[in-house]
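Colleague: Here it is: the structure, laid out below.
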Amino acid sequence: MNTRHVTDGGIETDLIFNRGVELPEFAAFPLLDTEHGRAALRDYFREYVDIAVRAEAPLLLDTPTWMANPDRAPAGYGVAELDRANRQAVELLAEVGRERDDELVGWRVGGIVGPRGDAYENGAVVDPDEAAEYHRPQVAAFHAAGADRVTALTLTTVGEAIGVTRAAADVGIPVAIGFTVETDGLLPDGTTLAGAIAAVDAAAAPSYFLVNCAHPTHIRRGLDDEAWRERVGGLRVNASTMSHAELDAAEVLDDGDPHQLAADQKPLLDAFPNLEVLGGCCGTDARHVAAMWGVS
């Protein structure tokens with residue numbers, strides 16, 4: 001039996017390109033508002049339940065709430081509506097987990113936090129206290145709904161990472177911090193993963209870190225032999241070798257080859273000895289994650 005958790009792939013790209021689901025402004029959480037949308041989410045997450053059953057591994061069901069914050073949500077979602085959506089997302093995934101509770105070796109629900117601004121831009125320096133105040137309501141909604149942890153994905157600044165970590169500490173829920181890197185293995189502002197992790201740990205240490213939304217070959221360019229790699233507990237890679245700018249401009253999905261992606265990722269499994277969450281990001285779907293887990 002594995003102790004590493006299966007998690008899902010690139011939910012937005014899978015829903016849009018593979019399933020023909022319309023997402024307003026790339027946000028998946030509005031699907032919670034209709035029965036048809038909730039059914040689409042259940043179908044999506046059930047594929048990962050099946051992978052976890054076949055892999056005999058525990059499952060982390062992460063909410064489709066990467067854009068469920070005030071600055072990035074589609075029009076019409078105020079404070080009350082976002083609080084409701086974030087809570088409902090946790091509740092829906094708990095229902096999905098309970099469906100096959102007797103077959104799973106274990107499952108948990110996590111709440112996903114996304115960046116306040118564009119995930120791929122090298123923006124201004126973020127004040128950690130402002131970031132904590134901004135993200136705290138979403139983190140609190142996850143905690144109130146019974147989420148096991150919070151995971152922030154695709155962060156690009158140390159300040160925002162510190163802020164999310166502080167918000168989670170205030171609320172009293174474990175948190176994981178996910179950074180993304182460019183094709184050179186560095187954050188958009190040129191910070192190394194080693195530097196970013198060290199800076200966050202010095203200010204407000206999360207439970208662990210992730211690297212997400214980059215191809216394995218990009219991540220490998222930012223590796224060295226330092227001990228910071230032991231702090232990386234999650235990996236969610238992109239299917240494509242394209243840069244973020246190229247992916248943003250692409251009109252068709254580059255989903256690569258699932259088995260080649262798994263092979264490209266293998267050196268990272270050795271480089272990060274404490275991985276406890278393994279899934280995908282943009283362009284990946286259940287085929288890619290199954291290949292990563294050797295159950296395709």
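Colleague: Note down all Cβ pairs under 9 Å where the first residue falls in the stretch 73-99 and is at positive phi, the second is surrounded by 20 or more Cβ atoms within 10 Å (Cβ to Cβ) and not basic (Lys, Arg), and they're at least six residues apart or on different chains.
Modeller: Gly76/Pro30
Colleague: Another one. Could you list, ordered by first residue, the pairs with Cβ atoms under 7 Å in which the first is in the stretch 262-282 and under 15 Å from Gly9 (Cβ atoms) and touching a residue at least 60 places away in the same chain (Cβ under 8 Å) and the second is assigned to a strand (DSSP E or B) and of a type in the set (Lys, Arg), at least 6 apart or interchain?
Modeller: Going by the 7 Å Cβ cut-off, the qualifying pairs are Gly279/Arg236; Gly280/Arg236; Cys281/Arg236.
Colleague: Are any of the residues in the stretch 108-123 touching a Pro at 6+ places or on another chain (Cβ under 9 Å) and either assigned to a helix (DSSP H, G or I) or over 23 Å from Phe26 (Cβ atoms) (or both)?
Modeller: Checked the stretch 108-123: at least one residue is touching a Pro at 6+ places or on another chain (Cβ under 9 Å) and either assigned to a helix (DSSP H, G or I) or over 23 Å from Phe26 (Cβ atoms) (or both).
Colleague: Something else now. Please go through the stretch 209-261 and pick out each residue that is hydrophobic (A, V, I, L, M, F, W, C), under 18 Å from the mean Cα position of the chain (by Cα) and either surrounded by fewer than 23 Cβ atoms within 10 Å (Cβ to Cβ) or within 23 Å of Val158 (Cβ to Cβ) (or both).
Modeller: Residues satisfying the conditions are Phe209, Leu210, Val211, Cys213, Ala214, Ile219, Val232, Leu235, Val237, Leu247.
Colleague: In addition: For the stretch 1-57, give me the residue count where each residue is in a helix (DSSP H, G or I) and among the small types (Gly, Ala, Ser).
Modeller: Here the count works out to 5.
Colleague: Can you say whether His5 is under 26 Å from Tyr208 (Cα atoms), of a type outside the set (A, V, I, L, M, F, W, C) and at pLDDT 95 or above, as far as the supplied structure shows? Break it down stepwise before answering.
Modeller: Details: under 26 Å from Tyr208 (Cα atoms): yes; of a type outside the set (A, V, I, L, M, F, W, C): yes; at pLDDT 95 or above: yes.
Yes.
Colleague: Take Thr151 and decide whether it is in contact (Cβ under 8 Å) with a residue 60 or more places away in the chain and under 30 Å from Gln88 (Cβ atoms).
Modeller: Yes.
Colleague: What number of residues within the stretch 132-148 satisfy the criterion of being part of a loop (DSSP other than H, G, I, E, B) and either among the hydrophobic types (A, V, I, L, M, F, W, C) or under 12 Å from Glu160 (Cα atoms) (or both)? Steps first, please.
Modeller: Pass one, the stretch 132-148, residues part of a loop (DSSP other than H, G, I, E, B): 146-148.
Within this subset, residues satisfying the condition of being either among the hydrophobic types (A, V, I, L, M, F, W, C) or under 12 Å from Glu160 (Cα atoms) (or both) are 147.
Qualifying residue count for the region: 1.
Colleague: Then there's this: Considering only the stretch 219-265, state which residues are more than 16 Å from Leu278 (Cα to Cα) and of a type in the set (A, V, I, L, M, F, W, C).
Modeller: Matches in the stretch 219-265: Leu223, Ala227, Trp228, Met242, Ala245, Leu247, Ala249, Ala250, Val252, Leu253.
Colleague: Among the aromatic types (Phe, Trp, Tyr), within 24 Å of Asp14 (Cβ to Cβ) and either modelled with pLDDT of 95 or more or buried (at least 22 other Cβ atoms within 10 Å of the Cβ) (or both): does that describe Tyr77?
Modeller: Criteria met by Tyr77.
Colleague: Another one. Out of the residues in the stretch 267-296 that are closer than 22 Å to Ile197 by Cβ and charged (D, E, K, R), which is farthest from the chain's Cα centre (by Cα)?
Modeller: Asp270
Colleague: Follow-up. In the stretch 22-70, which residue that is touching a His at 6+ places or on another chain (Cβ under 9 Å) and crowded, with 24+ Cβ neighbours inside 10 Å is farthest from Glu276 (Cα to Cα)?
Modeller: Ala52
Colleague: Is there a residue being within 18 Å of Ala145 (Cβ to Cβ) and hydroxyl-bearing (Ser, Thr, Tyr) anywhere in the stretch 54-66?
Modeller: yes
The values are calculated or read from the model by the stated rules, or taken from the named source; none is laboratory data. Remember, it's a predicted structure, so these values are computed and weren't measured experimentally. Don't worry about glycine lacking a Cβ; one is built from the backbone with ideal geometry, like all the others, and counts go over all protein chains shown.
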